[in-house]
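The block underneath contains the structure these notes are about, expressed in structure tokens.
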Amino acid sequence: MLVTVFAQPQVQKGTDPIPILKQEFEGPNVDGSYKWLYETGNEINAEESGYVKNFGQGEGKEVQVAEGKFSYKAPDGAVIALSYIADENGFQPQGDHLPTPPPIPPAILKALEYLKTLPPTDTQPQNKPFQPKRF
């Protein structure tokens, strides 16, 4: 039995292409620097620039750094904006929409402050060899 299926592309009716309002690229340059940005007709904006920290200092000392930001409108109409840097310390995003840790409870803060006032202890870990018990 031979079955032939003809598939047509699924085109969404009533959608127009989203225009690119602005688009710029620079690099990558010999020194590792670059820059790009774009803006779209549906209010998406993004940009990033990068460079090599300690350029020419030798292998192991040079670090590629990228800094940028982007924003877009969420389905509820809120503008989501995020800025970031990525370097030897990893990716570090910042934005009002990102979750934050809860505050440290006052009792814990008080205990931490109290612990700082105590003299250092001179206890060494007891490194006893493990001796299994026989049953």
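The values are calculated or read from the model by the stated rules, or taken from the named source; none is laboratory data. Values in this document were obtained by computation on a predicted structure and should not be read as measured data. For neighbour counting, all protein chains shown are included, and Cβ atoms are generated from backbone atoms with ideal geometry for every residue, glycine included.
Summary of values
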| quantity | calculated |
| --- | --- |
| Top-ranked residue of segment 15-40 - restricted to ones that are among the aliphatic types (A, V, I, L, M) and closer than 22 Å to Ala86 by Cβ, ranked as surrounded by the most Cβ atoms within 10 Å (Cβ to Cβ) | Leu37 |
| Condition check for Glu88: acidic (Asp, Glu) and either closer than 17 Å to Asn45 by Cα or in contact with a Leu (Cβ under 8 Å, 6 or more places away or on another chain) (or both) | no |
| Pick from segment 59-94, criterion acidic (Asp, Glu) and either within 26 Å of Phe25 (Cβ to Cβ) or part of a strand (DSSP E or B) (or both), ranking: modelled with the lowest pLDDT | Glu62 |
| Positions within segment 42-57 being closer than 27 Å to Ala78 by Cα and at pLDDT below 95, in sequence order | Asn42, Glu43 |
| Qualifying position, being without any contact (Cβ under 8 Å) to a residue 12 or more places away in the chain and either in contact with a His (Cβ under 6 Å, 6 or more places away or on another chain) or not basic (Lys, Arg) (or both), among Gly50, Gly41, Gly77 | Gly77 |
